[in-house]
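As structure tokens, the structure follows; a few thoughts come after it.
The values are calculated or read from the model by the stated rules, or taken from the named source; none is laboratory data. The model shown is predicted, which means the values in this text are computed figures rather than measured ones. Here the Cβ positions follow ideal geometry from the backbone for every residue, glycine too, while neighbour counts run over all protein chains shown. Just the protein is used for accessible areas: all its heavy atoms, side chains included, with ligands, DNA and RNA removed. Shrake-Rupley method; radii C 1.70, N 1.55, O 1.52, S 1.80 Å.
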Amino acid sequence: MTQTATAAASGESATQRFRADKAGAAATTSKERVDLLARSVIEAVHAAIRTHKVTYDEYNALKAWLISVGENGEWPLFLDVWVEHVVEEVATEHRKGNKGTIEGPYYVPGSPDQGAKGTVPMREGETGTPLVWTGKVTSTDGSALPGAKVEVWHADADGFYSQFAPGLPEWNLRATFTTDDDGSFEITTIKPAPYQIPTDGACGRLIAAAGWHAWRPAHIHVKVSAPGHELLTAQLYFPGDQHNEDDIASAVKPELLLDPRPAGRGETVEYGFVLDPVRA
Ligand code: MBD
Ligand code: FE
């Protein structure tokens, strides 16, 4: 593989993905909401300028940086890392079932369906500790949800997501599972590694300029859906990861920590999902 992953290339892919799946939402926002929210955000910027006595040099540095975020296609990355976690918190505060967390920029719908039990598509000799994950999807009243969809996606050992980094098979480490009659599923994959967001683009330059770090803890993304229930978007994390406490995307919650145990050549873990019925 001679191609290298760049922030601009993964940013461009994330931007295209967003345009294809979600860009239509603008049409449904009323004039009154746009007026309220745009004014509120602009006034928050004014307040920061007054409080910190922002200079023209700083204003021009911001302008240059914002231009490069767009040029690098990094608006999905910037928003999902520094803003989405609060949107998710507000959107799901009524729920009684599973905690969720942010989706991030690298979801792709339509991954191959493996039935109730199977292995996530991966390359021959894919690097990483094998992980067998069993669980059950239920409703908040405890009833099993057969036919629920459990979509999973995660990075490889080098921190790359298929369809956003070059040289990976299209559906590498992406799959959909469908729960069987008692709501259960069994997923075989590999444990992902801690993940660094791209450092060679505009978001990376912000991180370096501010003296932050670019790390997220190792995580497996999931979307769990069933008829009559709210879609659950979450990520699962591993105990002891040094970035569980300082995730750059602020997306770790204690309810989302797995508890894997050694088994054979790999590890095994049990984790199920409780979905909220759609509100009347
Ligand atoms: C990721 O893999 C991710 O999950 C988030 C939220 C942001 C950047 C990369
Ligand atoms: Fe991720």
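Only one entry of 89, 103, 93 meets the criterion of being under 19 Å from residue 18 (Cβ atoms) and among the charged types (D, E, K, R), and that entry is 103. Is it true that some residue in region 69-77 is surrounded by 13 or more Cβ atoms within 10 Å (Cβ to Cβ), within 16 Å of ligand 1 (Cβ to nearest atom), under 21 Å from residue 200 (Cβ atoms) and among the polar types (S, T, N, Q)? Yes, that holds for at least one residue.
Just checking, does region 123-144 include any residue being more than 14 Å from ligand 1 (Cβ to nearest atom) and among the aromatic types (Phe, Trp, Tyr)? Yes, some residue in region 123-144 is more than 14 Å from ligand 1 (Cβ to nearest atom) and among the aromatic types (Phe, Trp, Tyr).
Select from region 177-189 the residues that are part of a loop (DSSP other than H, G, I, E, B) and either out of contact with any strand residue (DSSP E or B) (no Cβ under 8 Å at 6 or more places or on another chain) or open to solvent by 20 Å² or more (accessible area, probe 1.4 Å) (or both) and list them in ascending order.
First, the residues of region 177-189 that are part of a loop (DSSP other than H, G, I, E, B): 179-183.
Matches in region 177-189: 180, 181, 182.
Checking the structure you have, find out if any residue of region 208-231 is in contact with a helix residue (DSSP H, G or I) (Cβ under 7 Å, 6 or more places away or on another chain), open to solvent by less than 10 Å² (accessible area, probe 1.4 Å) and more than 12 Å from ligand 2 (Cβ to nearest atom). Scanning region 208-231, I find at least one residue that is in contact with a helix residue (DSSP H, G or I) (Cβ under 7 Å, 6 or more places away or on another chain), open to solvent by less than 10 Å² (accessible area, probe 1.4 Å) and more than 12 Å from ligand 2 (Cβ to nearest atom), so the answer is yes.
Name the residue that is surrounded by the most Cβ atoms within 10 Å (Cβ to Cβ), counting only residues in region 190-207 that are assigned to a helix (DSSP H, G or I) and aliphatic (A, V, I, L, M). If we take residues in region 190-207 being assigned to a helix (DSSP H, G or I) and aliphatic (A, V, I, L, M), then 202 is surrounded by the most Cβ atoms within 10 Å (Cβ to Cβ). Cβ-Cβ contacts under 6 Å between residues 6 or more apart (or on different chains), taken from a first residue in region 262-280 that is of a type in the set (Asp, Glu) to a second residue that is at pLDDT below 95, are absent. Residues satisfying the criterion are absent from region 245-267 (criterion: hydroxyl-bearing (Ser, Thr, Tyr) and assigned to a strand (DSSP E or B)). Taking region 135-176 on its own, how many of its residues are open to solvent by less than 10 Å² (accessible area, probe 1.4 Å) and acidic (Asp, Glu)? Residues in region 135-176 being open to solvent by less than 10 Å² (accessible area, probe 1.4 Å) and acidic (Asp, Glu): 1 in total.
The residues listed here are 90, 108, 54, 34; of these, the one that is of a type outside the set (D, E, K, R), without any contact (Cβ under 8 Å) to a residue 12 or more places away in the chain and in a loop (DSSP other than H, G, I, E, B) is 54. Within region 17-70, the residues that satisfy the criterion of being more than 28 Å from residue 199 (Cβ to Cβ) and acidic (Asp, Glu) are 32, 35, 43.
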